[in-house]
1. Going by how many other Cβ atoms sit within 10 Å of their own, how do E6, E158 line up, fewest first?
2. Among T132, T4, what is the fewest-to-most ranking by other Cβ atoms within 10 Å?
3. Order by neighbour count: Y162, Y154, Y93, fewest other Cβ atoms within 10 Å first, most last.
4. Collect residues whose amide H, placed 1.01 Å from N in the peptide plane, falls under 5 Å from the amide H of H85; neighbours closer than 5 in sequence don't count.
5. Please list, in order, the residues from the stretch 46-61 whose amide nitrogen is less than 15 Å from a point placed 7 Å along the Cα→Cβ vector of L11.
6. Once phi is turned into θ = phi - 60°, what whole-Hz ³J(HN,Hα) does the Karplus curve with 6.51, -1.76 and 1.60 give for every residue of the stretch 147-155, x standing for Gly and Pro?
7. Using the Karplus curve 6.51 cos²θ - 1.76 cosθ + 1.60 with θ = phi - 60°, what ³J(HN,Hα) values do you get for each residue of the stretch 125-132, in whole Hz, with x for Gly and Pro?
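Derivation of every value follows stated rules applied to the coordinates shown; laboratory data play no part. These numbers were taken from a predicted model, which means no experiment stands behind them. Quick reminder, even Gly has a Cβ in these numbers, built from the backbone with ideal geometry, and neighbours come from all protein chains shown.
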Amino acid sequence: MDSTIEIMMILLLLSDMALLGLSRLRTCISIVSFQGMLLGLLALVTQLGSLTPRLIMIAAASFIIKGFVFPILLRRGIREAGTQHEIEPFVGYITSVIAGLAMLGVSLWLGTKLPLFAAGSGTSLIVPAALTTLFTGLFLIIARKNALNQCLGYIIMENGIYTFGIVSVVEIPLLVELGILLDVFVAVFVMGIAIYHINREFDHLDSDRLNVLKG
């Protein structure tokens, strides 16, 4: 059981590093979809001996919404915007991967200070992986210019929060988890509308160029 969780956490960390080093948006969306399905399964694996209807509902919601609904909305945004790549991000891709390794190091250190990994999971990788995913999402929001990539960063950040919550999922009310998913769903939906209008008016999705709107 513990080895399965560790493998899933390693896959999550590798997907974080891939997101930091890739410019093709469709590939990034596919990786985020993989993360969503992985986390849906993780919620079941970590509590396999004590599954409840509430836990199964949380896992199913994560699997469906993050693995399928969000990617569909984001791919529609790509089609409407006619953009495939992130061009000239604020932070280059090699530098981003180096920053990701630094974030991983910090997360591993913080993981030794937070004993939450002992709460039913039996592995010390969940907390560092959760923190690294959260930091990766924040980094993408700050370091990328393309609005779609920033939207991906928001979803990845929530994946980190969700992973962290899995450590103590028995104590977390269903309403809290579904509330987080609903917040992200609304954010992605609103971002899709904004992306459509930004692209229609300005012919690009570089958020830094919105400064031209200043009076």
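1. E6, E158
2. The order, fewest Cβ neighbours first, is T4, T132.
3. Y93, Y154, Y162
4. L25
5. 46
6. Taking θ as phi minus 60°, the curve returns 4, 5, 5, 5, 5, 4, x, 5, 5 Hz for the stretch 147-155.
7. Per-residue couplings from phi come out as 8, 5, 5, x, 5, 5, 5, 4 Hz.
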